[in-house]
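Here's the structure we're looking at; comments come further down.
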Amino acid sequence: LRQLLFKNPNEPPVVFHWFPLIGSTITYGMDPPRFFKDNKEKHGDVFTFILLGKKTTVYLGTQGNDFILNGKIRDVSAEEIYTVLTTPVFGKDVVYDCPNSKLMEQKKFMKIALTTEAFRTYVPIISDEVSSYFKRTAAFKGPSGIVDLPPKLAEITIFTASHALQGKEVREKFDESLAALYHDLDMGFSPINFSLHWAPLPWNNRRDHAQRTVAKLYMDIIKSRRASGETGAQDMMYHLMNSTYKGDVPVPDHEIAHMMIALLMAGQHSSSSTSSWIMLRLASQPKIMEELYDEQVRALGADLPPLKYEDLAKLPLNQAVIKETLRLHAPIHSIMRAVKQPMPIPGTKLVVPTNHVLLAAPGFSASDPQYFPNPELWDPHRWEADAVNAPRIAKDAAAEEETIDYGYGLVSKGTGSPYLPFGAGRHRCIGEQFANVQLQTIVAMIVREFKFRNVDGSDKIIGTDYASLFSRPLEPAKIYWERRQKA
Ligand code: HEM
């Protein structure tokens, strides 16, 4: 009754709830896409719900994506939301523990290391890591077997990313203590830490110890590189050591170390969840896995030579499988911003007040039938120009895609696109190209080695686990694998 009586006509409609603090936390948390769909039917694209006591305003659709992701710095803040989680994990003075203008400079430094030239060196590193993983891992011994895929792909992701982005010396430490330390750091990303990040809970103590230990490890490498005058491979650390902030201020060692942690952590969950989904989708549609194999044979030759960066461009279906998987399984389902000033929603009487959090869900527009016919169908072929289910994205929206430079290079504003798995605007992902190279290489190498199918031979696909900040397949997610007979 209170909710009906005290309704403010200038505020978005509020999703009905019984308890003021819990609000819709549980219905949202169990299945965010369903929650968005149900409430869109009742309230339209803009509505408010209570998430852990906080008024959270969702704005769906391409206009909502634009409103939130391209919000002005005086209107919206990402750091205000994320810093409680990220600062204890990454460390001080980087990403969300500094003014946004500093983050923009840091993103520029990180992006400089992610060039085509660097990717050329990454493809052999990643493919060798994948091959050696399958040779040494007990779960893949013999001609066939059943395996719970996500934990294996999490390992492949961290080994390949750490080796490519952080070099051999860091990668080798993952075989020793570093994997356990990163695991402890990861505990800091439990959603419960949104409210209990400060508490002296056992996992927070372990997180803090891990943060100090890992940061020291990177700082020791920096010191020894500096002492020996060694420039090493021109890897991420090299670039950060040679970058300067405005006014010619060098990047302090502790910030380099913290950025190294941030980079690895930012990519880990999203890339590993995506590679798991790709493999589970291939197991549910083995025909596509065969098409991928045939594509490689056709484009690269029957002897399948060692993979090179240039080869990736010759494998359009391999690329489409990643694109289509990110359309249906974007790992970041909710992007949040704190509202700093009352924000009128154009074309309506509504104003989002300052005590609200804004929530964008680009995954929602990526499964809108208006743009993607048969949206629930995982169909990598839809990305071919004349496909039956080809995206119906207005040509002018794609062509006139606005770009903008926030200080870390030209990025798409994503204003017209319903497909934004890497976000848009100021906080857009800088890891997109790296993730693509990493995923394309992993997929190509796995396809060379294996045939997958669901254990029961069906085309079923497992449900999604939304319990952590990044969505991923529910576990165990077991599939049947068979080693491909070499010609
Ligand atoms: C930001 C997605 C891989 C580094 C983002 C955002 C999204 C995203 C949606 C925007 C978040 C926001 O607006 O609040 C993904 C997906 C990936 C992926 C789907 C893989 C499939 C990576 C990798 C790296 C990385 C591999 C590092 C090498 C970053 C960084 C930001 C970011 C530094 C910027 C955060 C900010 O400016 O606030 N990513 N990402 N990501 N991502 Fe990624």
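Assorted remarks:
- Total charge dipole magnitude, the chain, about the Cα centre, Cβ charges on Lys, Arg, Asp, Glu only, Debye to nearest 20: 680
- Taking amide H as placed 1.01 Å from N in the peptide plane, the amide H of Phe450 sits under 5 Å from that of Arg484, each at least 5 places away or on another chain.
- Each label point was placed 7 Å from the Cα along the Cα-to-Cβ direction; for Trp198 and Tyr245 their separation is 2.6 nm.
- Across the cross-link table entries Lys111/Lys451; Lys135/Lys314; Lys135/Lys308, which are compared at the Cα atoms, the separations over 25 Å belong to Lys111/Lys451; Lys135/Lys314.
- Cα gyration tensor, region 220-301 - rounded (a/c under 1.5), prolate or oblate: prolate
- Net charge, Glu290 excluded, C-beta distance under 13 Å - Lys, Arg +1, Asp, Glu -1: +2
- When peptides 170-179, 64-73 are sorted by average Cβ neighbour count within 10 Å, with the highest value leading, the order is 64-73, 170-179.
- Evaluating 6.51 cos²θ - 1.76 cosθ + 1.60 at θ = phi - 60° for every residue in region 183-191, the Karplus couplings come out as 5, 5, 4, 4, 4, x, 8, 4, x Hz, glycine and proline recorded as x.
- Three semi-axes of the equivalent ellipsoid, region 47-110, Cα gyration tensor, whole Å, largest first: 25, 17, 9
- Helix-only arithmetic for the chain: the sum of -39500 (n - 2.57) across DSSP H runs with n ≥ 4, divided by the residue total, places the mean residue ellipticity at 222 nm at -15000 deg cm²/dmol.
- Within the straight-line cut-off of under 18 Å between alpha carbons, the aspartates and glutamates reachable from Lys92 are Glu79, Glu80, Glu105, Asp184, Asp186, Asp208, Asp220, Asp253, Glu255, sequence neighbours fewer than 8 places apart in one chain being disregarded.
- Under the Karplus curve 6.51 cos²θ - 1.76 cosθ + 1.60, θ = phi - 60°, whole-Hz ³J(HN,Hα) for region 81-87, x wherever Gly or Pro sits: 7, 8, 4, 4, 8, 7, 4
- Of the cross-linked pairs Lys55/Lys340; Lys152/Lys216; Lys168/Lys216; Lys42/Lys349; Lys108/Lys246; Lys107/Lys413, those separated by over 23 Å at the C-alpha level are Lys152/Lys216.
- Packing-based ranking, highest mean first, of 384-390, 87-93 given that Cβ atoms within 10 Å are counted: 87-93, 384-390
- Cα-based radius of gyration for the chain, normalised by 2.2 N^0.38 Å, reads 0.99.
- You can think of it this way: the chain between Gln234 and Ala387 has 50.9 nm of extra reach, that is 0.36 nm per residue less the Cα-Cα gap.
- Charge-dipole axis of the chain as Lys and Arg at +1 and Asp and Glu at -1 on Cβ define it, positive-most pick from Gly416, Thr464, Ser77: Ser77
- Derived scalar couplings ³J(HN,Hα) [region 458-467; Karplus, 6.51 cos²θ - 1.76 cosθ + 1.60; whole Hz; x for Gly, Pro]: 7, 9, 5, 10, 5, x, 9, 9, 9, 6
- Relative contact order (%) - the chain, alpha-carbon pairs under 8 angstrom, separation at least six: 25
- Three semi-axes of the equivalent ellipsoid, region 175-324, Cα gyration tensor, whole Å, largest first: 37, 25, 14
- Residues whose amide H lies under 5 Å from that of Tyr245, counting only those 5 or more places away or on a different chain, are Val251; hydrogens are built 1.01 Å from N in the peptide plane.
Since every read-out is calculated from the coordinates, none of them should be taken as a lab result. Just so it is clear, the model here is predicted, and its values are computed rather than measured. Note: ideal-geometry Cβ built from the backbone for every residue, glycine included; neighbour counts use all protein chains shown.
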